[in-house]
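What follows is a short report on a single structure.
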Amino acid sequence: MRWLALAAFLGVISCSSIEDTLGFRQYHLRSLTLEREMNTPRAEQLRRFHGAVTAAEKRDRLGYYYSVQWNGPAERADEPVRIVFQYRQAATGSATREIVIKAVPGFRGAAEFQVTGPVYLEGGRVLSWHLSYYRGERLVETKQSYLWE
């Protein structure tokens with residue numbers, strides 16, 4: 001009986017995990033035509049094209065969408081949040097572009113970065129990216145693509 005309790009305890013411990021402080025999701029909207037099948041990409045396309053009437057408006061919505069969610073750390077929840085997104089595109093060579101989002105203090109939050117419109121149409125696809133999450137002046141976590149150097 002003691003072994004069974006020990007095995008159950010170890011099973012519970014092995015299933016526990018530390019929650020990430022930074023969540024990241026990317027979506028590339030690359031075509032003006034909708035997917036023919038009813039699946040998640042089609043729903044995402046409909047969401048991104050919502051409100052666009054003309055072909056020019058739809059073309060300006062083509063590009064990359066990056067969704068970021070953050071939480072914690074709890075001891076720094078009263079400090080302002082700064083998310084820095086750096087990226088390189090195919091037609092810009094080694095030039096690095098940067099988008100900064102500042103958010104009010106709080107334990108959790110979400111933001112979205114967009115590389116769309118003329119920036120996407122002239123600069124081309126995003127080749128590499130780097131994301132930094134700051135609380136106050138302190139760097140909390142970073143994520144980056146495989147090709148980022």
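Label sites at ALA103 and SER67, each approximated as a point 7 angstrom past Cα along Cα to Cβ, lie 1.3 nm apart. Per-residue Cβ neighbour counts within 10 Å put TYR65, TYR87 in the sequence TYR65, TYR87, beginning with the fewest. By other beta-carbon atoms within 10 Å, ranking ARG59, ARG25 with the fewest at the front produces ARG25, ARG59.
Here, each number is a calculation from the coordinates, and none is a lab measurement. As the structure is a prediction and not an experimental result, all values here were calculated from the model. Cβ atoms come from the backbone with ideal geometry, glycine included; neighbour counts cover every protein chain shown.
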